[in-house]
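In what follows, a single structure is set out as structure tokens and then discussed.
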Amino acid sequence: MSQDLPVKPSELKLRRRSRLLEVRYPDGRVDQLTFEYLRTHSPSAEVQGHGPGQDVLQIAKENVQVIGLEPVGQYAVRLTFDDGHDTGLYTWKVLRELADHYEQNWARYLKRLDQIGYQRKPVPAAT
């Protein structure tokens, strides 16, 4: 697989009760990304800023829901969150990178929350 040609998922499924986006690939790979993770790591300028070091820490997104999923051409999907955020385009490459770097990204996010004294208050996921 070339870095320039990310694999297009074969299926995207919103699992609203468990607050997960399930991303299935033709090779059988399945990634599950929480709505909170997708919202707090949105590729939008609102979250990432306009350059290195300009990202904006997102807080109180523990229970955010994805209320819309819209294909954008053959290269991305736009997620609409119930807090009104809908400006991030999640390209296939971005989705794959978010899954591949989940542990590091999530640990860094939790550390940043801890540094400002914010304690997450997630509602338990439905089973």
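Can you sort VAL64, VAL123 so the residue with the fewest Cβ neighbours within 10 Å comes first?
Lowest to highest Cβ neighbour count: VAL123, VAL64.
Given Cα pairs under 8 Å that are at least 6 residues apart, what percent is the relative contact order of the chain?
This gives 21 percent for the chain.
Relative contact order for region 1-59: what percent, with Cα pairs under 8 Å and sequence separation of 6 or more?
Answer for region 1-59 is 19 percent.
Angle between the Cα long axis of helix 102-115 and the longest principal axis of the chain, 0 to 90 degrees, nearest 10?
The helix 102-115 is inclined about 20 degrees to the chain.
Neighbouring Cβ atoms within 10 Å as the yardstick, rank HIS50, HIS41, HIS101, HIS85 fewest first.
Ascending Cβ contact count within 10 Å gives the list HIS50, HIS101, HIS85, HIS41.
Working out 0.36 nm times the residue gap between TYR118 and LYS8, then minus their Cα-Cα distance, what length gain in nm do you get to one decimal?
So the chain would gain 36.0 nm between TYR118 and LYS8.
Shape of region 1-86 from its Cα gyration tensor (a ≥ b ≥ c, root eigenvalues): rounded if a/c is under 1.5, otherwise prolate when a/b > b/c, or oblate? Spell out each step's value before the answer.
Working: a/c = 1.93, a/b = 1.24, b/c = 1.56.
Oblate.
Could you give the length gained on full extension between ASN63 and SER44, defined as 0.36 nm per residue of separation minus the Cα-Cα distance, in nm? Let's see the in-between values first.
Numbers: separation 19, 0.36 × 19 = 6.84 nm, distance 1.95 nm.
Between ASN63 and SER44, full extension yields 4.9 nm more.
Which pairs break 26 Å Cα to Cα here: LYS8/LYS61; LYS8/LYS111; LYS13/LYS61; LYS13/LYS111?
As for pairs spanning more than 26 Å Cα to Cα, those are LYS8/LYS61; LYS8/LYS111; LYS13/LYS111.
Quick check on the exposure proxy: order ASP83, ASP27 from fewest to most C-beta atoms within 10 angstrom. Intermediate values should be presented prior to the final figure.
Details: ASP83 14, ASP27 8.
The most exposed by this proxy come first: ASP27, ASP83.
Nearest 0.05, what FRET efficiency do ARG15 and GLN104 give at R0 = 22 Å with Cβ-Cβ as r?
After rounding, the FRET efficiency stands at 0.40.
Is region 27-127 best put as rounded, prolate or oblate by its Cα gyration tensor, with a ≥ b ≥ c the root eigenvalues, rounded for a/c under 1.5, and otherwise prolate when a/b is larger than b/c, oblate when not?
Note, shape of region 27-127 comes out rounded.
Each reported figure results from applying straightforward, stated rules to the coordinates on display, with no laboratory input. Computed from a predicted model, the values in this text were never measured in an experiment. Glycine gets a Cβ as well: all are built from the backbone with ideal geometry, and neighbour counts include every protein chain shown.
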